[in-house]
Structure formats: structure tokens, C-alpha cells
Amino acid sequence: MTEKASVCRSCGGARLDTVLDLGRTPLADALLREEELGRPEPEYPLKAVFCRDCSLVQILETVPPEELFCRRYPYYSSFSDELLGHSRENAIELIRTMRLNAESLVVEIASNDGYLLRNFVQNGIPCLGIDPAEGPAEAAERAGVPTHCGFFNRELAAKLRGMGKRADVVIANNVLAHVADSGSFLDGIRTLLKDDGAAVIEVPYVRDLVDKSEFDTIYHEHLCYFSATSADRLLRSRALFLNSVRRIPIHGGSLRLYIGLRDEPDASITGLLAEEKRDGVDGFSYYNDFAVKAENIKNGLRLMLKILKDGGNRIAAYGAAAKGATLLNYTGIGRDFIDFVVDRNVHKQGLYMPGRRIPIFRPERLLEERPDYVLILAWNFAQEIISQQEEYRAAGGKFIVPIPEWKVT
Ligand code: DWN
Ligand code: ZN
């Protein structure tokens, strides 16, 4: 059963304006098994709204996190070299700037398969991962990363503190936007941090989502879509302070938030807040034409694929990504256009995309079947993906990158 909020998740405001309504949509990471194809899959409303009081873009439907992130959660961070490199740089910088050593403690919330904490383990820095997804948590433990398999909240934080654990750094990438009870989550971070500690949190940046028409990053796992303005407002409500910020390119454009227990903002955050004010990110008009841009991408992509299909071309897709599920289901692009999807993540191979039920194979299938075109659903890693497919390209294969506007490369 889902819960539908009628007021803003962050400030409780009731002035919510629709940014994009994607209709009833299956869960983006709920990949199907063969034996499930004969049965209907759960679908839930998926509508992004803007809060006029605190500028937070959010979806109002809350799917139980146990349904989203536990037993069959198929996402493993370590299947992207770009993400591994990005994470390594973050870790090495934190070890230097926070002067971490064998007496320190780093806690990562949503630590997945140990993709980031492995860097602290390798440098002899004590760390603890926290993640509710059984598969990735077990993979992390096998990789030597101590991991607690469960959800993070104020109760778990109090328990850890009661065991004498206080963190120099709490890392939480791509999870703050996923949490329904952000109050408990943020109170937990405040409880766990040492007085001079820092929380370093990455969230997809709503400006990149709007400016680059990244409508497919809207799905039920992503409850909130933050600007610096809306993040600052939410954090202050829990006595946490956004003291520094960095725009980073990962996942289509994100913010890395540097948060402390004292209010000590630097020029990066005062500058970005002023820039958002200047550009109207805190007003609904900034989001006004987002739905039209999504519709244009939908119509343009469908028309282009139809022309290719009518011309006798065979088309596959690359990346059984959550965003890929949204893109296929919102555009209605299914097996009438796409013969199969490939993905490097072995936990996704042999399964089917939610909604469109397109089969997922290993990437080698591209050379076995030699489709004429490959639609890159994981466009945020297009460069890394294309660089691996030189043989397919040399044989005449072409890629279609759908976002921010479709192009053939
Ligand atoms: O917030 C979330 C983001 C961070 O990651 C999660 N809720 C879910 C997930 O979203 P996603 O599935 O859209 O993320 P990715 O990382 O963009 O998905 C990429 C997909 O492509 C993965 O299934 C792995 C696959 N891949 C591949 O097959 N070969 C990726 C690369 C780089 C490759 O070379
Ligand atoms: Zn609000």
C-alpha cells in the first residue's frame, strides 16, 4: 500500500503545483522474472510537484521502502567505472581535508556494495556501511567493508552512539532524496556526527533535471528533487547547516552538500543560493515548461524510432537503468521498437524491464545480434558505455542518446 502526501514533505506547505504528471507507472527497479510476465505488476501514480513555500520539487506518492530497496533491489554501484572513479576522488579528498586516520570513523548511508567505502578500508580508515538492500550489503561484506543491513534513522543512530560510535564523516550519496522520513534521517546524522564532523551528501540537482530535460530521473525511489535553496531549508529545519556546495556532473548533474553542526556558510553556498534566487529556481515559472519539454522528447524520440523501424532497422537498448524504465514507460516505447536491452550488471541479466517487459541480456549480445541502432537508456554513462563498444561501432553500429535531446552518434 502506498501513502499519498497532500502537503510538502519538507515544510508542510499546501501550495503544490504540478511540474510533470507521468501517470500510473510500475516501479523502475522492479525488474521482472520470466515467471512473472503473465501477471500484472504494481503501478502507482507518478507526479512531480513544486512547493511554493520552500521550493522543493517532490513526488507525493510514498511506496513502502521495504518494497523498493530490500530483497530484490538490483542496483549495484560498482558496475560503473565512472562512478567508481568519482567515488575514489571523493574519498581521497575527504581523507586529506578531514585529516582522517586510524582513530577516525567514516559512516556511509546507502553504502550499496562498498563501491565507495572500499577506499577508506584500503587506507586503514575505520568505516561502517549502512544499506537495507541484502544483495549489495552482502557484496560489500565480501569486499571487506563492514556493513549493517538495514535502514538508517534516528533510532539506529542513537544505538550506534550508545555503542560509542561518533563519525568524523557521514557520507550519504543518492539517498536523502529517497527517504520519506527525512526528519528521522537527518536527526540521525546530527546524532552520529562528532561536534567538528561533516556530513557529505550528494543529491541529483533539480536545475540539471530541468535545464537538461532529465524527466526520466523521476521515479518512485526519488521522492525529492533538490535545489540548494530547498536543501538549505530542509537541513536548517533539523539544525544542520549547509556550509559548502559543489556542482558535480555525476548522474546527469548533482550537488555535493557539505554539512556541519555549526552555521558557517562559505562563498560557494552563498553564491549558489544567490544564483538560484536570480534565476528564479525558487519560483514555479522555472518549472513551467518542463512538461512540454518532456512531451517534445517523447514525440521526437518516438517519431525517429518509427522512421528507423519503417526503414527496416533493428534497434536494441543499453542500460536496464531505473531511469530507462521511466523513459520507456513514459514514452510508450516497447518491444514494437526495442528488441532487447543489454546491461553489464549480472543481477539484471535474464530479467525483463518493468512495464514494457523487454528482455535484458549481457552486453555481448550486441555483437551476437548486431542491431543497427542502440538506444542508450543509461545516457549519464554514454561515454563510458560507447567506449566499450568499439567493435560494435566498427561494424557500423550506431548509438542514440535520448537526453537532453535525442541524437545519433
Ligand atoms: O538513485 C539511484 C541512482 C543513483 O542509481 C538509484 N535509485 C538507482 C540508480 O538509478 P539508475 O539505475 O538509473 O542508475 P545508473 O547507474 O544510471 O544505471 C546504469 C545502468 O547501466 C546500470 O544497470 C549499470 C549499467 N551499466 C552497464 O551495463 N555498463 C553502466 C555502465 C557504466 C556500463 O558500462
Ligand atoms: Zn515545502
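Inspection of segment 242-255 identifies at least one residue that is surrounded by fewer than 19 Cβ atoms within 10 Å (Cβ to Cβ), among the charged types (D, E, K, R) and free of Cβ contacts under 8 Å to residues at least 24 places away in the same chain.
Scan segment 1-40 for residues that are among the hydrophobic types (A, V, I, L, M, F, W, C) and within 16 Å of ligand 2 (Cβ to nearest atom) and the total you get is 7.
Confirm whether His222 is under 14 Å from Val206 (Cα atoms), touching a Pro at 6+ places or on another chain (Cβ under 6 Å) and in contact (Cβ under 8 Å) with a residue 60 or more places away in the chain.
Criteria not met by His222.
Listed conditions (1) at pLDDT 95 or above; (2) out of contact with any strand residue (DSSP E or B) (no Cβ under 6 Å at 6 or more places or on another chain) are all met by Ala167, apart from (2). Taking segment 371-380 as the range and being surrounded by 20 or more Cβ atoms within 10 Å (Cβ to Cβ) and either among the basic types (Lys, Arg) or in contact with a helix residue (DSSP H, G or I) (Cβ under 8 Å, 6 or more places away or on another chain) (or both) as the test, the residues that pass are Tyr373, Val374, Leu375, Ile376, Leu377, Ala378, Trp379, Asn380. Where helices (runs of 4 or more DSSP H) fall entirely within segment 201-309, those with at least 3 residues that are acidic (Asp, Glu) are at 267-279. Taking the condition assigned by TED's automatic domain parsing to the domain that holds Val145 and over 23 Å from Phe185 (Cβ atoms), does Leu84 pass? It is true that Leu84 is assigned by TED's automatic domain parsing to the domain that holds Val145 and over 23 Å from Phe185 (Cβ atoms). Just one of the numbered conditions (1) among the aliphatic types (A, V, I, L, M); (2) more than 24 Å from Cys11 (Cβ to Cβ); (3) touching a Leu at 6+ places or on another chain (Cβ under 8 Å) is not true of Ala322: (3).
Quick one: what pairs do we get from segment 329-340, first residue in contact (Cβ under 8 Å) with a residue 60 or more places away in the chain, second part of a helix (DSSP H, G or I) and open to solvent by 30 Å² or more (accessible area, probe 1.4 Å), C-beta under 8 Å, 6+ apart or different chains? From segment 329-340, the pairs are Tyr330/Lys298.
In segment 341-370, the residue that is farthest from ligand 2 (Cβ to nearest atom) out of those that are open to solvent by less than 10 Å² (accessible area, probe 1.4 Å) and not in a loop (DSSP other than H, G, I, E, B) is Leu366. Considering segment 57-83, the residues that are more than 13 Å from ligand 1 (Cβ to nearest atom) and of a type in the set (Asp, Glu) include one that is modelled with the highest pLDDT, namely Glu61.
The numbered conditions (1) within 16 Å of ligand 1 (Cβ to nearest atom); (2) crowded, with 24+ Cβ neighbours inside 10 Å are all true for Ala167 except (1). Take Gly188 and tell me if it is assigned to a helix (DSSP H, G or I), in contact (Cβ under 8 Å) with a residue 24 or more places away in the chain and within 16 Å of ligand 2 (Cβ to nearest atom). Here the answer is no, as Gly188 does not meet what is asked. On the stretch given as segment 384-398, residues that are without any contact (Cβ under 8 Å) to a residue 12 or more places away in the chain and exposed (fewer than 13 other Cβ atoms within 10 Å of the Cβ) total 3.
The values are calculated or read from the model by the stated rules, or taken from the named source; none is laboratory data. A quick note: this is a predicted structure, and the numbers were derived from the prediction, not measured. Backbone-built Cβ (ideal geometry, glycine too); neighbour counts: all protein chains shown. The protein model used for the area step is the full one, side chains on, heavy atoms only, and it has no ligands, DNA or RNA in it. Shrake-Rupley method; radii C 1.70, N 1.55, O 1.52, S 1.80 Å.
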